[in-house]
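As structure tokens, the structure follows; a few thoughts come after it.
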Amino acid sequence: MNTIVRPALVLFASLTVICGVLYPLATTGIGKVVFPQETAGSIVEHAGKPVGSTLIGQSFTSPKYFWGRPSATAPMANNGAGSGGSNLGPSNPALVDAVKTRIAALKEADPGNTRAIPVDLVTASGSGLDPEISLAAAIYQAPRVARVRGLPLAQVENAIAKAQKTAYVGFFGEARVNVLELNLALDAAAR
């Protein structure tokens, strides 16, 4: 019996130390050296205070700000601890009603805008935490943001162009804009 138990305990202890202590310490250490901003949560500071993360969306509701993708997290929007989609299918009346409500809010905020509303402004993502919107969603909102801020449309479009991120590795995904970074850039330009 001792010939079976002792090797099993030694193996268990060894793997616990390797997989439970050494490996996590090594990967965390490498991450902090190679990706220091990301391992710290990609926190964005403004005037020395943290205002958000570039990795988790935030709810902007003022018309002077670009609005992010709707969040289906619970119990509140953009809850990093409650990541998840709504799981509502396209034929679900609750999803249809939510989309209609979001479309109405966008039209109310900018009644003169006749452009097609990009889908990412009215539907939540799988994670419910998207910090970015499509380039089309940013361009759609530009006239409202420019009007409310009293800025020329060209200046707001230039801010979008500067904040634009291209597809990953040149072809994965589409052009996008981080909503927090864009809004902070516009706030800084207003000063």
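Summary table
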{"quantity": "Test: GLY31 is in the same structural domain as LEU182 (by TED's automatic domain parsing), in contact with a helix residue (DSSP H, G or I) (Cβ under 9 Å, 6 or more places away or on another chain) and not in a loop (DSSP other than H, G, I, E, B)", "calculated": "no"}
{"quantity": "In the stretch 51-98, the residues that are surrounded by fewer than 16 Cβ atoms within 10 Å (Cβ to Cβ) and touching an Asp or Glu at 6+ places or on another chain (Cβ under 6 Å)", "calculated": "none"}
{"quantity": "Among (1) in contact with a Ser or Thr (Cβ under 8 Å, 6 or more places away or on another chain); (2) closer than 24 Å to THR166 by Cβ; (3) in a helix (DSSP H, G or I), the one test that LEU95 misses", "calculated": "(2)"}
{"quantity": "Subset of the stretch 63-76 (residues that are in contact (Cβ under 8 Å) with a residue 24 or more places away in the chain and of a type in the set (Gly, Ala, Ser))", "calculated": "GLY68, SER71, ALA72"}
{"quantity": "Whichever residue in the stretch 21-50 is among the small types (Gly, Ala, Ser) and surrounded by 10 or more Cβ atoms within 10 Å (Cβ to Cβ) and, among such residues, is farthest from the chain's Cα centre (by Cα)", "calculated": "ALA26"}
{"quantity": "Selection count, the stretch 122-178, where residues are out of contact with any strand residue (DSSP E or B) (no Cβ under 8 Å at 6 or more places or on another chain), aliphatic (A, V, I, L, M) and part of a loop (DSSP other than H, G, I, E, B)", "calculated": "5"}
{"quantity": "Per-region count, the stretch 98-120, residues touching a Lys or Arg at 6+ places or on another chain (Cβ under 9 Å) and either in a loop (DSSP other than H, G, I, E, B) or closer than 16 Å to THR73 by Cα (or both)", "calculated": "5"}
{"quantity": "Residues of the stretch 123-140 satisfying the condition of being surrounded by fewer than 20 Cβ atoms within 10 Å (Cβ to Cβ), in contact (Cβ under 8 Å) with a residue 40 or more places away in the chain and either touching a helix residue (DSSP H, G or I) at 6+ places or on another chain (Cβ under 6 Å) or among the hydrophobic types (A, V, I, L, M, F, W, C) (or both)", "calculated": "SER134, LEU135"}
{"quantity": "Any hit, the stretch 42-62, residues being free of Cβ contacts under 8 Å to residues at least 40 places away in the same chain, charged (D, E, K, R) and assigned to a helix (DSSP H, G or I)", "calculated": "no"}
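Results for (1) more than 15 Å from the chain's Cα centre (by Cα); (2) within 22 Å of ILE43 (Cβ to Cβ); (3) not β-branched (Val, Ile, Thr), shown as yes or no for each residue.
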residue: THR101; (1), (2), (3): yes, no, no
residue: THR114; (1), (2), (3): yes, no, no
residue: SER125; (1), (2), (3): no, yes, yes
residue: ALA161; (1), (2), (3): yes, no, yes
residue: ALA188; (1), (2), (3): yes, yes, yes
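The values are calculated or read from the model by the stated rules, or taken from the named source; none is laboratory data. Just so we're clear, the structure is a prediction, and the values are computed from it rather than from any experiment. Here Cβ is always computed from backbone atoms with ideal geometry, including for glycine, and neighbour counts include all displayed protein chains.
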